[in-house]
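Engineer: If you scroll down you'll find the structure; I have some questions about it.
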Amino acid sequence: MIEPIDLGSGGDYSEGSGGGKIKITAKSIQVDGNITANGGGSGGSYGGGSGGSIWLITETISGSGKITANGENAYSGGGGGGGRIAIYYIDKSGFAGIISAKGGPSVISQSGGAGTVFMKSSAQTNGELIIDNNNVAYSSMTSIVNGTYTFDSITVSKKSTLNITSGDILTIGDFNIKEGGIVMQSGNITINNFVLEGGGTFYCNAGEFKATASGINIGNGG
């Protein structure tokens, strides 16, 4: 998740291939085309492939292209889940493109869950985690790799569902759930500032929930 190296998994009967894995370390990266580790689409009765992984380490990132590890579409099978993207940088002010790890939609069955996008600048202590499914409806849940993590922020939005399981211990600066995002908590989380708004939903099913500083802010539609 924060140092992704896994390949994507294929769909049923190998009809939708899994995405590959990419790691680039360079002084500067300019993306005017595409860097992709997308899953392969099935187009038939079987599941789409899930996204792979992209890990970029650079001083500056620029351009207007796309960086994607998306899951792929399916018809009657399930859509492929989104992959993992991590970008470590000093300056990304020159990048105006798209970064996406969304799941693939399915016409009849369940759509793929969102992947994760982890961004960390040199000025950040812990980095930010973004879970965004681009409004793909009826999608599966997104899980993080069980463990103990600290993030400057986590944002869950656009019909993605984050599942914080009993094996997760999270310390989060800003936790934002908005635009139809859903969080299911069974693990332990400590939060500096919690914002729930814009159709966001939070289920505290188990575990421990602590808001330590700015507290809990529930806005319109939360």
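The values are calculated or read from the model by the stated rules, or taken from the named source; none is laboratory data. Keep in mind that what you see is a predicted model, and the values were worked out from it rather than measured. Positions of Cβ are generated from backbone atoms using ideal geometry, with glycine treated the same way; all protein chains shown enter the neighbour counts. These area figures cover heavy atoms from the full protein model, side chains too; ligands, DNA and RNA do not enter into them. Shrake-Rupley method; radii C 1.70, N 1.55, O 1.52, S 1.80 Å.
Engineer: With a sphere of radius 10 Å drawn around the Cβ of Ile154, what net charge do the other residues whose Cβ falls strictly inside it have (Lys, Arg +1; Asp, Glu -1)?
Structural biologist: For residues surrounding Ile154, the net value is -3.
Engineer: Need the full-extension length gain, Ala213 to Val107, defined as separation in residues times 0.36 nm minus the C-alpha distance. One decimal, nm.
Structural biologist: 33.8 nm
Engineer: Structure shown: which of Lys158/Lys210; Lys92/Lys178; Lys66/Lys92; Lys27/Lys66; Lys66/Lys158; Lys21/Lys158 lie over 21 Å apart, alpha-carbon to alpha-carbon?
Structural biologist: Distance filter (> 21 Å) returns Lys158/Lys210; Lys92/Lys178; Lys21/Lys158.
Engineer: Under the 0.36 nm per residue contour assumption, what length would be gained going from the current alpha-carbon distance of Ile24 and Asp174 to full extension?
Structural biologist: Numbers: separation 150, 0.36 × 150 = 54.00 nm, distance 2.90 nm.
Gain on extension, Ile24 to Asp174, equals 51.1 nm.
Engineer: In the chain, what is the volume of the convex hull around the alpha carbon atoms, normalised per residue and reported in Å³? Don't skip to the answer; put the middle values down first.
Structural biologist: Values: hull volume 25.5 nm³, N = 222.
Cα convex hull per residue, to the nearest whole number: 115 Å³.
Engineer: Among the DSSP beta bridges whose two residues both lie in the chain, what percent are antiparallel, rounded to the nearest 5?
Structural biologist: 5 percent
Engineer: Report relative contact order for the range 75-222 in percent, whole number only (criteria: Cα-Cα under 8 Å, sequence separation at least 6).
Structural biologist: Normalised by residue count, the contact order of the range 75-222 is 15 percent.
Engineer: For an R0 of 30 angstrom, estimate the FRET efficiency from the Cβ-Cβ distance between Asn205 and Ser121 and round to the nearest 0.05. Mind showing how you got there, number by number?
Structural biologist: Numbers: r = 33 Å, r/R0 = 1.11.
Once the sixth-power term is evaluated, E becomes 0.35.
Engineer: Let me ask something else about it. Can you give the accessible area of Tyr203 in Å² (nearest 10), computed on protein heavy atoms with a 1.4 Å probe?
Structural biologist: Surface accessible to solvent at Tyr203 totals approximately 110 Å².
Engineer: Check which residues have an amide H placed less than 5 Å from Thr171's amide H, if you skip close sequence neighbours.
Structural biologist: Result for Thr171 returns Tyr149, Thr150, Phe151, Thr190.
Engineer: A further question follows. When the Cα centres of the range 67-112 and the range 167-207 are compared, how far apart do they sit, in Å?
Structural biologist: Between the Cα centres of the range 67-112 and the range 167-207 lies a distance of 21 Å.
Engineer: I need the semi-axes of the equivalent ellipsoid of the range 123-222: take the C-alpha gyration tensor, multiply each eigenvalue by 5, square-root it, list largest first in whole angstrom.
Structural biologist: That gives 19, 16, 14 Å for the three semi-axes.
Engineer: Measuring from a point 7 Å past the Cα of Asp32 along Cα-to-C-beta, which residues in the range 48-74 have an amide N at less than 12 Å?
Structural biologist: 63-65
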